[in-house]
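Colleague: Can you read through this structure? Questions will come right after.
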Amino acid sequence: MHTITLLFSDVDIPGDTNGFALAHHLAENYPWIEIVIGSGHLRPKADDLPEKATFVSKPFNAQMIYGDRAVMALLYR
């Protein structure tokens, strides 16, 4: 069995929700999943993301993600 340990999502996702709401849902219902949310046009307001979530601004590339200490700490827990 595989266990999901990290969600990396954009704020804009298909359907009636968004990445901020998805992050809150995961934090409340699946607290073991680490959360990284990205966007190129929205910046989170104070309560948009749960405390445990990390936000990354676009544009980004793999090198920038691997250089982000907060994201790397999540990946290698």
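Colleague: Within the range 69-77, does at least one residue satisfy the condition of being at pLDDT 90 or above and not aromatic (Phe, Trp, Tyr)? Let's see the steps before the verdict.
Modeller: Initial filter on the range 69-77 (at pLDDT 90 or above): none.
No, every residue in the range 69-77 fails to be at pLDDT 90 or above and not aromatic (Phe, Trp, Tyr).
Colleague: Quick one: in the range 31-50, which of the residues that are at pLDDT 90 or above and open to solvent by 90 Å² or more (accessible area, probe 1.4 Å) is nearest to residue 13 (Cα to Cα)?
Modeller: The extreme case among them is 47.
Colleague: Moving on to the next point. Which of the residues belonging to the range 18-44 are touching a helix residue (DSSP H, G or I) at 6+ places or on another chain (Cβ under 8 Å) and of a type in the set (S, T, N, Q)?
Modeller: 39
Colleague: For residue 60, only one of the following conditions fails: (1) aromatic (Phe, Trp, Tyr); (2) surrounded by 11 or more Cβ atoms within 10 Å (Cβ to Cβ); (3) modelled with pLDDT of 85 or more. What is its number?
Modeller: (3)
Colleague: Still on this model: Could you please give the count of residues in the range 9-24 that are open to solvent by 90 Å² or more (accessible area, probe 1.4 Å) and either assigned to a strand (DSSP E or B) or not acidic (Asp, Glu) (or both)?
Modeller: Final tally of qualifying residues: 1.
The values are calculated or read from the model by the stated rules, or taken from the named source; none is laboratory data. Not measured: the values here are computed from a predicted model. Glycine also receives a Cβ, built like all others from the backbone with ideal geometry; neighbour counts cover every protein chain displayed. These area figures cover heavy atoms from the full protein model, side chains too; ligands, DNA and RNA do not enter into them. Shrake-Rupley method; radii C 1.70, N 1.55, O 1.52, S 1.80 Å.
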